[in-house]
Structure formats: C-alpha cells, structure tokens
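The values are calculated or read from the model by the stated rules, or taken from the named source; none is laboratory data. Predicted, not measured: the structure shown is a model, and the values here were computed from it. Glycine also receives a Cβ, built like all others from the backbone with ideal geometry; neighbour counts cover every protein chain displayed. Note: areas computed on protein heavy atoms with side chains; ligands, DNA, RNA excluded. Shrake-Rupley method; radii C 1.70, N 1.55, O 1.52, S 1.80 Å.
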Amino acid sequence: MLLSTLDWLFIIAFFLISLLVGILVARRSGKSSQNFFLSGRNMPWWLLGVSMVATTFAADTPGLVAGIVSKDGVYGNWIWWSFLLTGMLTVFFYAKLWRKSNISTDLEFYELRYSGKSAAFLRGFRAIYLGVFFNVVIMATVCLAAIKIGHVMFGFSEAETLIIASIVTVTYSMLGGLQGVLITDFIQFIIAMIGSIWASIYIVNLPEIGGLDNLLSHPDVSSNTNLFPDFSQPEIFIPLLIIPLAVQWWSVWYPGSEPGGGGYIAQRMLAAKNEKHAVWATLFFNIAHYALRPWPWIIIGLASIIMFPDLASLQKAFPDLGASFVKDDLSYPAMLTYLPAGLLGIVITSLIAAFMSTISTHLNWGSSYVVNDFYARFVNPKASEKSKVLVGRISTLLMMVAAGFLSLILEEARDAFNLLLQIGAGTGLLFILRWFWLRINPYSEIAAMAVSFVLAILLFLNNKMEQPIINWESHWQLVFGVVLTTIVWVVVTLLTKPSDKETLQKFENLVFDRQGKFHHFNYKIGAFFTGVIGIYAILFGTGFYIYSDYISATIAFVLATGCTFFIWRNWSKIV
C-alpha cells in the first residue's frame, strides 16, 4: 500500500510520544525495582483498568476475532467470551486479596502461602517457565500479527516488520518500567478504540458492502450473525458454547484470564493505591474487555466474508505473502487496505499501539519474574536496586529477541491460542481453591503444571502428524487434559502434607478480614452472577441494537441496569 504524508505523520508522532513518555519517567522508574515493576504501588484504578484493557487489545486480537467471525460466525467468540466468568470471579473474590498480600509479583505468593524448599523451587521454576518461555510464546503470537500487518500495510518483510516494531517498544519499556507502560497504554487504548470504531463505520459504508443493513442481510453473512450457535447441531454448540461455559473458564489458565487472577492482571492489582482501587480496576477491565470493545472487530469480520470469502481470495490479494501466513486472521488487516488516507494512518497507528501495549506489558511482567523471583531470590539475594533494574532491562531486550525469532515459526493466532489453552488445561481449579483449601501445597502445583504441560506438548505433536495416533477434536483434547490434570493434582494433594501451620496462619491473617475468609460470601456470589449477567447483557444489547432488534436491545439494557443497581446497593458488603 502507498501511505500518504498524513498517514506517516500520525505514525511517526505516535512513536515519538511513546519514546518521550519512556524518557520522562525513566529516572523515577530506575530508582528501585518496586518503582520499575510496580510504579511505587500508587496507581489509580482508572489508569490500571485501561492498561489491562489495552494489554489484551493486542495486535493479534482483532485478527483473531475477525477470523473467528469469518470462519465460525459471531457465536464463535464464546471461546473467549466465556472467560468473563473467570474475570468476575477475580473482581469479587480475589482482587482485594491480591492487594492485601502486598507482594511484588504473583509468584512471590508461593513463599507466602507455602513453606519449605518445595515452595522456593516452585517460585524459581515458574519464574523462568512463565516469565520467559510461556511469555515468549505469547509475545510471538503478537509478533506474528505484526508480521502480517506489516506486509499488508507496508510491504515489509518479516525481519523488517519485527525490527521496526520492536525498537521503540523495547526502548520505552526498558526506560520507563511499569509507569511508562501504564501511561503509554492509556494513550494507546484511546487511539486503538477510535481507530477500530471509525474503521468499522467506513468499511460498512464501502460501495461493495452498501451499508449495515445490506451487510447483515447478505446471504453469505446473515448465517454468521447469530449470537448463539444452532442447538440442533451438537458438533457446533458443544465445542463453541457448552465446553467454554461449563469447563474452560474455571479449569484453564490463560494469560489475562487466570482463574483467581495472576500474571499482568495481578501485577496491576498489586500496583494499585489500595484494595478498592484494585477491585475497581479489575471490574472496569472486564466491562470494557467483554462489553465495549468487540463489536467493531466483529463488524469488520462480517464485512470480510463479502470481500474475502475464502483463503484463496486472500492469497490472491497478497501473492507475496508466504502461504503459511495466509489464514483466517489475515482478513482483518486485509480489510484495512480499503481505508482512505488519514483514517488509514489512524488505524495503522492503533494497530501499532495495540502491538506496543501488549508487548511492553509482557516485557515488564516477564522481567519482573526474572528479577524478583529468580535473580534477586536465588542468584544474588543481596543485589542492589540498581543491579535489579539493570537485569530487568537486559531481560526485557533478550525476551523481545526470542519472541521475534519464534514468531517466524507460527502460522495463525488461533493455533497459538489453542496451544496455550491446552498447556493451562486442568490448572485453573487449583488456582481458585488454593486461597481457601489449605491442604493444597507446592506438590499440588508442581504436579498440575507438569502433567498439563507434558500432555499439551504430546497432543500438539500428535496433531502435527500426518496420521495422528489420537484423532480427537481440539475441544475433547482440552476436556481430557482438564480431567487428567485435575485428578492428578487432587490425588497428589491428598497424599502429601500441607504447609506448616505457622505459614498458613500468617497467610490467613494477612489476606483475610478478621471476620473470616467466608465473611459476606453470599453477597460476593450474588455480585458474581449479577456481574456476569450484566456485562453479557451490555454485550448482547449492543449487538441487538446493531442488528436493529430494538426490543431485545431495550430488554438487555434494562437487565444490565438492574444488575448494576444490585452491585451498587451492596458494594460495601461485596468489597
């Protein structure tokens, strides 16, 4: 594509602003590791909440959603919409507990909750396992999206895209720490939302589409607009709706949707001013992530069915792009090629912002594990604050390089999504229960992690064989992983001893109120269900409004209002 001068001005200005933010906060962030990784624990809920949303608005997310819509229909999004239940569980049961723990990373939890050498081993191992290897896989999927966008929009090669996209991101991440990430996330989210909404409006009104009514009534599109799959077809509704809602949300560990909270979500809760700010931040994140943001991507995905009805049409449109990269998730950047000058610059800037937001968060989060939970804990316990920050900056650079190389091997965002789900299958229930079931110990977590990882790799290799030994659909593989992993870690829990009583008592005294761990539990359960119903009501109400079904939209929004009133009325008992 040929970009106008105006388009380039938008892109260059954004790069400069991001670099400027990193430079301005570098001095404060470099004073200590707590400033670098937690921004002094003084961040307001709205900045943290927006940062959570911006991080999950990765460069690969619009492509993932548009690809799901073009392949499976709107209801295909239940594979990630189901994680709302996980999010609301974190809001009303765990956000306050994380902030009260006053730890630096969620991995430090292990030596707060468990005792002995096994707890120390678990903390150190997961620092490398999650902070480096798992984290690099996640960043590689985002880099894969950047490669596709870079080729479609600029004609860049894989290497050119990765080098250009990474330099600015790595620079401000190394300089500004978490505070730099939070501030740039806020700017990036605003740009990203403006870009995606404006792009969807323009694309719908292209002559080839002919407006929203023509889009939704098009014979190739109308069957893809349903919010729920056809319940007369179990081969569709079981993997896309039943398993995500009945099994996946509570049993699977997935970045940004960890049962009980964790990862960069926990990092932001730990950086909050207090417990209330941690709860508010997480609640805002779930509302924005599930209810406010998906529809522009869905609309563009529906439009792509008309413009690029199959993979052959995508390959024909971009003949220079390797065939391995031509998958359903290419439909989103392909649709953006129809945008005019000016708007194209804003949208490309929004995608660059999405890439930078996600990568910078994962770099800071991953390096926090390397520094706090491995280097300062095991390698150099007497490390100075300056050396911790230096190690954090070096690990930031190395992880970016590793992610770039790995992205050249991957083919489609959904492949990586399914692999990550399988790796985390069966561990979710443990993360939910470990705060309350005191018999859970380090061996429980080690068993769950080992079984789920080994099984995921074996199934992944099996699926790549020309004649697989196990010829199951991916959703049944997920269920098998959940069942086997859960049985193993529960059995290990019952056969091994819990942590010592002194450690468990200190843990409970620190994170739970004096009234007990189950105080006002009934109100929290009520808030969980009304929160889930309310956010789904906003999501579906918006969809009904777009579909011109105003009666259903009104009912949905009234239901959402009622749920909001319940939570507001009982807020003091919930939080």
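If you go through segment 519-565 and keep only what is of a type in the set (F, W, Y) and assigned to a helix (DSSP H, G or I), you end up with F521, Y523, F528, F529, Y536, F540, F544, Y545, Y550, F557, F565. Selection of segment 36-54 for residues being open to solvent by 10 Å² or more (accessible area, probe 1.4 Å), in contact with a Lys or Arg (Cβ under 8 Å, 6 or more places away or on another chain), within 20 Å of T358 (Cα to Cα) and in a helix (DSSP H, G or I) yields only W45.
When you go through F566, F528 one by one, which is the residue that is under 24 Å from W81 (Cβ atoms) and open to solvent by less than 30 Å² (accessible area, probe 1.4 Å)? Of F566, F528, the one residue that is under 24 Å from W81 (Cβ atoms) and open to solvent by less than 30 Å² (accessible area, probe 1.4 Å) is F528.
When you scan segment 153-173, do you find a residue that is open to solvent by 10 Å² or more (accessible area, probe 1.4 Å), of a type outside the set (D, E), closer than 18 Å to S257 by Cα and in a helix (DSSP H, G or I), even just one? No, segment 153-173 contains no residue that is open to solvent by 10 Å² or more (accessible area, probe 1.4 Å), of a type outside the set (D, E), closer than 18 Å to S257 by Cα and in a helix (DSSP H, G or I).
Tally the residues that are open to solvent by less than 80 Å² (accessible area, probe 1.4 Å) and modelled with pLDDT of 85 or more, restricting the search to segment 378-388. Of the residues in segment 378-388, 5 are open to solvent by less than 80 Å² (accessible area, probe 1.4 Å) and modelled with pLDDT of 85 or more. Given the structure, is L16 open to solvent by 30 Å² or more (accessible area, probe 1.4 Å) and at negative phi? Taking the combined requirement at face value, the residue satisfies it.
Pairs meeting the criteria (first residue in segment 495-512 and over 24 Å from R99 (Cα atoms), second residue assigned to a loop (DSSP other than H, G, I, E, B) and among the hydrophobic types (A, V, I, L, M, F, W, C), beta carbons under 9 Å, at least 6 apart or on different chains) are P498/L438; P498/I440. Quick check: anything in segment 106-113 modelled with pLDDT of 80 or more, open to solvent by 10 Å² or more (accessible area, probe 1.4 Å) and touching a His at 6+ places or on another chain (Cβ under 8 Å)? No. For segment 210-254, the candidate set comprises residues that are among the aliphatic types (A, V, I, L, M) and in contact with a Pro (Cβ under 6 Å, 6 or more places away or on another chain); within that set, the residue that is surrounded by the most Cβ atoms within 10 Å (Cβ to Cβ) is L240. Within segment 290-306, the presence of a residue that is within 30 Å of V371 (Cα to Cα), of a type outside the set (F, W, Y) and either touching a His at 6+ places or on another chain (Cβ under 9 Å) or open to solvent by less than 40 Å² (accessible area, probe 1.4 Å) (or both) is excluded.
Would you be able to say whether some residue in segment 220-232 is among the hydroxyl-bearing types (S, T, Y), in contact (Cβ under 8 Å) with a residue 24 or more places away in the chain and out of contact with any helix residue (DSSP H, G or I) (no Cβ under 8 Å at 6 or more places or on another chain)? Looking for residues that are among the hydroxyl-bearing types (S, T, Y), in contact (Cβ under 8 Å) with a residue 24 or more places away in the chain and out of contact with any helix residue (DSSP H, G or I) (no Cβ under 8 Å at 6 or more places or on another chain), one finds at least one in segment 220-232, hence yes. If you filter segment 389-431 down to residues that are among the polar types (S, T, N, Q) and modelled with pLDDT under 85, you find that the one that is farthest from P244 (Cα to Cα) is S407.
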